[in-house]
Amino acid sequence: MRVTHKMLTDNYLSNLNKNLATMQKSQEQITGFSEILKPSDNPYEITRIMRMNSALKKSDQYLSNIDNSLGWLDATDTAIRSTVSAVQRVQELVTQGSSETYSESQLIMIADEISEIINEVTQYGNTSYQGRYIFAGHNTIESPFEVNAGKEIVYSGGITGDILTEISPGVTVSINIDAEDFLNPTGNVSIGETFQKVYDALTTGDSSTLATYAKEIEEQMDAYLALASEVGAKTNRMESAKEKNKADTLNMTEILSSIKDIDLAEKTVEHSAMKAVYDATLSIGGHILQPTLLDYLR
Amino acid sequence: MPGIFSTYNTAIKGLQANSLATQTASNNIANAASQGYSRQRVILQESMPYSFSNFQIGTGVDVTNIERVRDKYLDAQIWHEYASYGSYKSAQYVLEQAEIIFDAEETGLNNALTEMWTAWSDLAESPEGTNGRTIVLQATETFTSMLNQMASQTDTLKADTTALIASKTKEANSLINDIRELNDQIYKMNLKGLEPNSLEDQRGVLLDKLSAIVNINVDYDENSKVMLTDADTGETLLGYETKEEPALKMSVIGSIKDDGTNQTITIYRDGDTSNPVEITIGTGTYDFSAGDVVYVETHEWAEYDADNTDIPSLTKAELKEGGLAGNMEALAKLEGYASQLDDLAFSVAFTVNYILTDGDTAGTPLFDTNSDFTAADIKVNPDIQDDITLIEAGSFTTSSGDGARALLISKLNEIRLPTDVSEANLENYLSNNYDNSGFTLSSDPAGRSFGGFYADIVATVGSDTQRASNGVITQEALVSALEEREESISGVSIDEETINLIKYSDLYAANSKVISTLTRMLDTVLNMV
């Protein structure tokens, strides 16, 4: 095969260009800190990266949902525990009032305390978290409970329903204790009604009837305790969802990083190797491109 | 009987031949870097001897030819590879720009889409008040404006590509015409018995350029004229007839509008965008799209010019290789991406609206139903922009704290919808699977989610671009190997030419020596007198 000088220079130029192109690519990867800079670098991995990016974003959203729910459940727990103490206090007062040693005026004094407790429990029912009434069902912007003229706590919100939140892909949970469940945890008699009966008996000085309510109050207390443990269970579930969310996020971040992040040490070594090749190519160029026969003719 | 004077003749012929050979070697050296130059070789042959007694006596040397060293079969091979290289290269040129539009950046459409679904999740978390709704509105506006922008960028790229096709067509037409003129000159020189070496080199350069645009077959006649045929369609681009313009020329469809009864087609005649021809013809006559290359017979244009009524017939050029084909292929792909983006825009808007309005029975749609749900036209309902409380987060009968509807919409990122996103199919699926009492929408096991939808488009753009880039790399290697072989045959080697120079100048000196010897011989004879 005839070899001409143009072949040498052309070959040399094209190889020099190839070296420069590989160097440019690795430089881009190092400065962009990513293996995959364009979809065409790896069309399959790019879709994985995109899915992973949006899954991470969603995962952040789930975490914020979970944190929000935990705050909500915390507020719910406090309100229910306070209600339990209030019911306990009513139980004590009823025991006191039932002993026939109390005078009518003393009973009236107890009735006044009961009246305060009725207001107190209404307050607990009207607990709000970040501006939302937590026991209000769907009508979260109006205070759900009020005490009517007959000293009965009633639900005035009108729209019950679940407050739902999504804590991981496809997992939706209800985080609220609905208005009816808060007002009537036993399902038989509402707390408002029970308190009203106690209050009425005390104001009329009917201590014998009062004694018959002791069992009902006991049942109410059990029911509130059950409600409290339901909230506790929900909190536990949220806590474990939070753990899982964090593990998932970490996992996905790791996978994402393994797909697209560069190994800086490896790339740097690769790059300096390429640079050495490039330098060698340049210096060789000086030797192979110069001589022709003309250099030796005198 | 040979005499001193006839020997003079031999020496002079030697001087002339070697002088010519020296000239050729110098010319080779001078043109060593000239584009398209093929080295030339002097063919020397001994002159006719004459007979004397029993002998034949030589009479010196003749230059029979100055030959251009060229391998025609290699030429044909290279031209076909240039065409293939051209098609990958032009496709890559366009697709690399598409890759920037359909990006996978963390700030791109994928992100906007995810942000929109998380905004709905935020709204579901606090469905009371305006906070969550403002976030939803903003995220939706970002999504629609990003789609609008992508659609307009795609349109611009399509228009640019059409212009590129037109300019390449124009170049091809003018190259063909230049080749025709060179054909004519070569023919005339051949008739005079001359070797049109440099003209053939010039023609070779033009053929190199043309073959990168159109895949051509080249045939030669006995006078070294070339005939050009489009290798993909078999149409004759240039015949042996050199007097008139080619009978067939390429034009480009600039745009096509159809009003139901008539098609209005804008044609860039011969690829000239400055002077488009607009013709109106019955709907259904042609199935063209912008950027298509068509063949039109030259005489039909002439007839059209005469009265503007004889509409020339257009034949679509089904090009497969070459720069034009690459651009056309990329244009078709762009069309595909744009329509997938439209599908995405449509299915998002239609599904979200369907859930927000319970299938158009109540509520307020989020996407404006007065404009098309295409990537170019999709926009947020202005009623909602005026009053964001119209965004319904829960059921229509309850109020404030219910975020179940918003929650369902936020899950649309994962819910799989049918891949056939025609309005009828989507509506049918939603009406069968959407439950507005519990706010659930079941996934289609064979469908795909909105999250996967855009990723699919990006992957398609990415793999198309990758294929073109890989094609460019492979083809580049092939072309340069062939060019190397061509250079090996036709290229000028400085060493070789230097040796020739020394050889021929030595021979020239030797021939001069013959003359001085003859002169001395003559002197001897003359001194005898």
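In summary, B:Asn500 fulfils each of the numbered conditions (1) outside any helix (DSSP H, G or I); (2) more than 7 Å from every other protein chain (Cβ to nearest Cβ) with the single exception of condition (1).
Taking the stated definitions as given, is B:Asp420 surrounded by fewer than 21 Cβ atoms within 10 Å (Cβ to Cβ) and not in a helix (DSSP H, G or I)?
Details: surrounded by fewer than 21 Cβ atoms within 10 Å (Cβ to Cβ): yes; not in a helix (DSSP H, G or I): yes.
Yes, satisfied.
For segment B:321-336, a residue qualifies if it is under 19 Å from B:Lys158 (Cα atoms) and in a loop (DSSP other than H, G, I, E, B), and exactly one does: B:Gly322. Against the list (1) more than 30 Å from A:Asp178 (Cα to Cα); (2) touching a Lys or Arg at 6+ places or on another chain (Cβ under 8 Å); (3) more than 10 Å from chain B (Cβ to nearest Cβ), the condition A:Asn15 fails is (2).
Criterion applied to B:Asp402, B:Asp383 was being part of a loop (DSSP other than H, G, I, E, B) and of a type outside the set (Val, Ile, Thr), and the one residue passing it is B:Asp402.
When A:Ser98, A:Ser115 are screened for being of a type in the set (Ser, Thr, Tyr) and in contact with a Ser or Thr (Cβ under 6 Å, 6 or more places away or on another chain), only A:Ser98 passes.
Specify which of the listed residues (A:Ile259, A:Ile284) is within 14 Å of chain B (Cβ to nearest Cβ) and assigned to a helix (DSSP H, G or I). Write out each step before concluding.
Values: A:Ile284 fails: within 14 Å of chain B (Cβ to nearest Cβ).
Only one candidate qualifies: A:Ile259.
Working carefully through the options B:Val525, B:Val479, B:Val461, find the one that is part of a helix (DSSP H, G or I), of a type in the set (A, V, I, L, M), touching a Phe, Trp or Tyr at 6+ places or on another chain (Cβ under 6 Å) and more than 8 Å from chain A (Cβ to nearest Cβ).
Working: B:Val525 fails: touching a Phe, Trp or Tyr at 6+ places or on another chain (Cβ under 6 Å); B:Val461 fails: more than 8 Å from chain A (Cβ to nearest Cβ).
So the residue among B:Val525, B:Val479, B:Val461 that is part of a helix (DSSP H, G or I), of a type in the set (A, V, I, L, M), touching a Phe, Trp or Tyr at 6+ places or on another chain (Cβ under 6 Å) and more than 8 Å from chain A (Cβ to nearest Cβ) is B:Val479.
Taking into account only those residues within segment B:140-167 that are β-branched (Val, Ile, Thr) and under 17 Å from B:Glu96 (Cα atoms), which is surrounded by the most Cβ atoms within 10 Å (Cβ to Cβ)? Per the criteria, the residue is B:Ile165. Comparison of B:Ser488, B:Ser512, B:Ser443 shows that the only residue that is within 12 Å of another protein chain (Cβ to nearest Cβ), surrounded by 14 or more Cβ atoms within 10 Å (Cβ to Cβ) and part of a helix (DSSP H, G or I) is B:Ser488.
Looking at B:Asn28, B:Asn9, B:Asn65, B:Asn54 in this structure, which one is surrounded by 16 or more Cβ atoms within 10 Å (Cβ to Cβ) and not hydroxyl-bearing (Ser, Thr, Tyr)?
Numbers: B:Asn9 fails: surrounded by 16 or more Cβ atoms within 10 Å (Cβ to Cβ); B:Asn65 fails: surrounded by 16 or more Cβ atoms within 10 Å (Cβ to Cβ); B:Asn54 fails: surrounded by 16 or more Cβ atoms within 10 Å (Cβ to Cβ).
Within the list B:Asn28, B:Asn9, B:Asn65, B:Asn54, the selection yields B:Asn28.
Within segment B:305-329, being within 16 Å of B:Thr161 (Cα to Cα) and in contact with a strand residue (DSSP E or B) (Cβ under 6 Å, 6 or more places away or on another chain) holds for one residue alone: B:Leu324.
Residues in segment A:147-159 that are facing chain B (nearest Cβ under 7 Å) and acidic (Asp, Glu): 0 in all.
No other residue among B:Leu137, B:Leu109 is modelled with pLDDT of 90 or more and crowded, with 24+ Cβ neighbours inside 10 Å apart from B:Leu109. Looking at A:Asp162, A:Asp178, just one residue is closer than 23 Å to B:Leu407 by Cβ and more than 10 Å from every other protein chain (Cβ to nearest Cβ), and that residue is A:Asp178. Being in a helix (DSSP H, G or I) and either among the charged types (D, E, K, R) or in contact with a strand residue (DSSP E or B) (Cβ under 6 Å, 6 or more places away or on another chain) (or both) is a property that B:Thr134 lacks. A:Val3 fulfils the conditions (1) within 13 Å of chain B (Cβ to nearest Cβ); (2) of a type in the set (Val, Ile, Thr); (3) surrounded by 18 or more Cβ atoms within 10 Å (Cβ to Cβ) except for a single criterion, (3).
State whether one or more residues within segment A:29-38 are hydrophobic (A, V, I, L, M, F, W, C), part of a helix (DSSP H, G or I) and more than 10 Å from chain B (Cβ to nearest Cβ). Let's see the steps before the verdict.
If we filter segment A:29-38 for residues that are hydrophobic (A, V, I, L, M, F, W, C), which is where we start, we get A:30, A:33, A:36-37.
Now restrict to residues that are part of a helix (DSSP H, G or I): A:30.
Among the residues that remain, those that are also more than 10 Å from chain B (Cβ to nearest Cβ) are: A:30.
The answer is yes, given that some residue of segment A:29-38 is hydrophobic (A, V, I, L, M, F, W, C), part of a helix (DSSP H, G or I) and more than 10 Å from chain B (Cβ to nearest Cβ).
Condition test on B:Lys411, is it among the basic types (Lys, Arg), closer than 30 Å to A:Ile134 by Cα and surrounded by 15 or more Cβ atoms within 10 Å (Cβ to Cβ)? Steps first, please.
Working: among the basic types (Lys, Arg): yes; closer than 30 Å to A:Ile134 by Cα: yes; surrounded by 15 or more Cβ atoms within 10 Å (Cβ to Cβ): yes.
Here the answer is yes, as B:Lys411 does meet what is asked.
Output the residues belonging to segment A:19-50 that are over 37 Å from the mean Cα position of the chain (by Cα), buried (at least 16 other Cβ atoms within 10 Å of the Cβ) and among the basic types (Lys, Arg). Walk me through it before giving the result.
Quick first cut of segment A:19-50, residues over 37 Å from the mean Cα position of the chain (by Cα) only: A:19-28.
Next, only the ones that are buried (at least 16 other Cβ atoms within 10 Å of the Cβ) stay: A:19, A:23, A:26.
Listed by number, the list is empty, since nothing qualifies.
If you filter segment B:393-440 down to residues that are hydroxyl-bearing (Ser, Thr, Tyr) and more than 24 Å from B:Ala119 (Cβ to Cβ), you find that the one that is farthest from the other protein chains (Cβ to nearest Cβ) is B:Ser422.
When you check B:Leu390 against the structure, is it under 47 Å from the mean Cα position of the chain (by Cα) and more than 12 Å from chain A (Cβ to nearest Cβ), yes or no? Lay out the reasoning, then the answer.
Details: under 47 Å from the mean Cα position of the chain (by Cα): no; more than 12 Å from chain A (Cβ to nearest Cβ): yes.
No: the conditions fail for B:Leu390.
Restricting attention to segment A:133-146, and to residues there that are of a type outside the set (Phe, Trp, Tyr) and free of Cβ contacts under 8 Å to residues at least 40 places away in the same chain, which single residue is farthest from the other protein chains (Cβ to nearest Cβ)?
Among those that are of a type outside the set (Phe, Trp, Tyr) and free of Cβ contacts under 8 Å to residues at least 40 places away in the same chain, it is A:Glu146.
The values are calculated or read from the model by the stated rules, or taken from the named source; none is laboratory data. Note that this is a predicted model, so its numbers are computed, not measured. Methodologically, a virtual Cβ is constructed for each residue, glycine included, from the backbone with ideal geometry; neighbour enumeration extends over all protein chains shown.
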